[in-house]
């Protein structure tokens with residue numbers, strides 16, 4: 001079983017590490033042989049341990065080489081025929097990661113994901129003898145905040161522990177993924193985009209499930225961080241009760257953003273007075289007010305549709321009044337709105353009733369595949385750009401216009417799947 005310390009360590013470790021955190025930047029030179037000045041050598045024998053503070057996860061099948069030459073950083077590299085993981089022990093915060101890829105003797109293609117499969121770099125191609133350096137930002141978190149901690153679910157303490165532990169973990173995937181060097185810098189001053197929501201938003205830990213929140217990172221420049229605090233099974237009310245909003249508020253600073261998408265689980269809650277235009281709407285307003293009080297910008301998102309077609313091949317609304325409650329709240333509170341309900345309808349209908357299955361985990365009409373999640377993330381990024389929201393200035397410069405009625409062809413989609421697989425369905429529906 002793949003393990004990245006899937007045993008819940010004592011939360012006191014976080015405090016202990018924060019007080020004795022290493023200095024930055026941390027620089028790693030991959031290969032067998034010489035080491036560039038100021039760098040730490042990483043060879044294929046370096047398996048992660050908490051005492052060492054860095055290394056390959058024990059499941060990685062990595063081989064390291066040194067081609068020789070004057071440029072020590074480019075002469076050595078590590079690679080594998082399969083995806084592999086490299087971890088560095090760090091404290092909570094935002095980290096700018098600079099990676100150099102390439103090999104003097106072979107071509108390579110590398111996709112990089114972070115923590116729980118957050119897509120950072122997509123299909124970085126290097127030809128024989130060529131090298132390429134790329135930069136991205138990863139958010140690392142723990143459950144603690146002043147005078148409290150997030151109430152983690154059992155799955156968060158086991159298969160999702162990657163999202164909460166005291167390591168920054170990178171997945172190197174693709175055809176012969178190759179890495180020459182890695183530099184880690186702490187960048188807590190940059191803006192952060194926080195995500196709050198349910199299983200359609202959170203970082204899903206294993207294939208074949210995926211959510212738009214873990215694809216969203218792909219479309220931003222390394223001038224901003226994405227911190228995904230969504231979780232499977234959560235409603236607006238249960239997320240608040242688990243202190244996820246409290247955690248986000250403890251980290252929020254002026255200039256940050258918070259994207260909020262709930263409803264899938266809220267619409268199943270029962271009780272006197274519970275409903276879209278009562279408790280749900282009031283809860284959204286509470287979130288908006290708390291976020292604004294911190295000088296941050298809330299952005300409301302209507303819920304993504306389920307795969308529910310009628311006899312005429314049109315998507316039916318399985319969310320009742322909840323999408324409209326989000327729209328009303330945005331109008332009344334003068335809050336930015338992204339209508340993912342409408343965009344996902346256009347997306348599914350463009351694919352058609354039968355083919356739309358490629359956007360979902362097989363046999364599941366709620367939770368998405370990596371293709372579906374990627375398209376949804378692209379829609380949200382496109383909405384930021386189309387509506388000229390302040391957050392749009394952080395999108396990658398080559399981000400194209402995107403029409404949900406004309407999605408990327410599934411046949412051309414080439415994002416490599418991560419090696420972890422599960423048959424355990426995410427919480428919620």
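The values are calculated or read from the model by the stated rules, or taken from the named source; none is laboratory data. Bear in mind the structure is a predicted one, so any value in this text is a computation, not a measurement. Neighbour counts run over all protein chains shown; Cβ positions are idealised from the backbone, glycine included.
Residue by residue, here is whether (1) assigned to a strand (DSSP E or B); (2) farther than 24 Å from residue 347 by Cβ; (3) out of contact with any strand residue (DSSP E or B) (no Cβ under 9 Å at 6 or more places or on another chain); (4) not assigned by TED's automatic domain parsing to the domain that holds residue 328 holds:
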{"position": "247", "(1), (2), (3), (4)": "no, yes, no, no"}
{"position": "260", "(1), (2), (3), (4)": "yes, no, no, no"}
{"position": "267", "(1), (2), (3), (4)": "no, no, yes, no"}
{"position": "271", "(1), (2), (3), (4)": "no, yes, yes, no"}
{"position": "283", "(1), (2), (3), (4)": "no, yes, yes, no"}
{"position": "287", "(1), (2), (3), (4)": "no, yes, no, no"}
{"position": "304", "(1), (2), (3), (4)": "no, no, no, no"}
### Query
Out of (1) surrounded by fewer than 22 Cβ atoms within 10 Å (Cβ to Cβ); (2) out of contact with any helix residue (DSSP H, G or I) (no Cβ under 7 Å at 6 or more places or on another chain), the odd one out for residue 131 is which?
(2)
### Query
Out of all the residues in the range 182-205, which are more than 11 Å from residue 232 (Cα to Cα) and assigned to a strand (DSSP E or B)?
182, 183, 184, 185, 186, 192, 193, 194, 195
## Note on the structure
Filter the range 206-221 for residues that are in contact with a helix residue (DSSP H, G or I) (Cβ under 9 Å, 6 or more places away or on another chain) and either in a loop (DSSP other than H, G, I, E, B) or free of Cβ contacts under 8 Å to residues at least 12 places away in the same chain (or both); the one that is surrounded by the most Cβ atoms within 10 Å (Cβ to Cβ) is 211
## Note on the structure
Subset of the range 158-181, residues farther than 23 Å from residue 258 by Cα and in a strand (DSSP E or B), comes to 167, 169, 170, 171, 172, 173, 178, 179, 181
### Query
Filtering the range 36-85 down to residues that are touching a helix residue (DSSP H, G or I) at 6+ places or on another chain (Cβ under 7 Å) and assigned to a loop (DSSP other than H, G, I, E, B), which residue is surrounded by the most Cβ atoms within 10 Å (Cβ to Cβ)?
36
### Task
Considering every residue within the range 224-236, establish whether at least one is in a helix (DSSP H, G or I) and either in the same structural domain as residue 97 (by TED's automatic domain parsing) or touching a residue at least 24 places away in the same chain (Cβ under 8 Å) (or both).
yes
### Query
How many of the residues in the range 403-423 are outside any helix (DSSP H, G or I) and more than 20 Å from residue 118 (Cβ to Cβ)?
7
### Message
Regarding the range 361-373, can at least one residue be identified that is without any contact (Cβ under 8 Å) to a residue 60 or more places away in the chain, assigned to a helix (DSSP H, G or I) and more than 27 Å from residue 297 (Cα to Cα)?
### Response
yes
### Subset of the range 374-403 (residues that are buried (at least 20 other Cβ atoms within 10 Å of the Cβ) and without any contact (Cβ under 8 Å) to a residue 24 or more places away in the chain)
382
### Task
Identify all residues within the range 249-258 that are part of a loop (DSSP other than H, G, I, E, B) and either in contact with a strand residue (DSSP E or B) (Cβ under 9 Å, 6 or more places away or on another chain) or crowded, with 21+ Cβ neighbours inside 10 Å (or both); write none if there are none.
252, 253, 255, 256
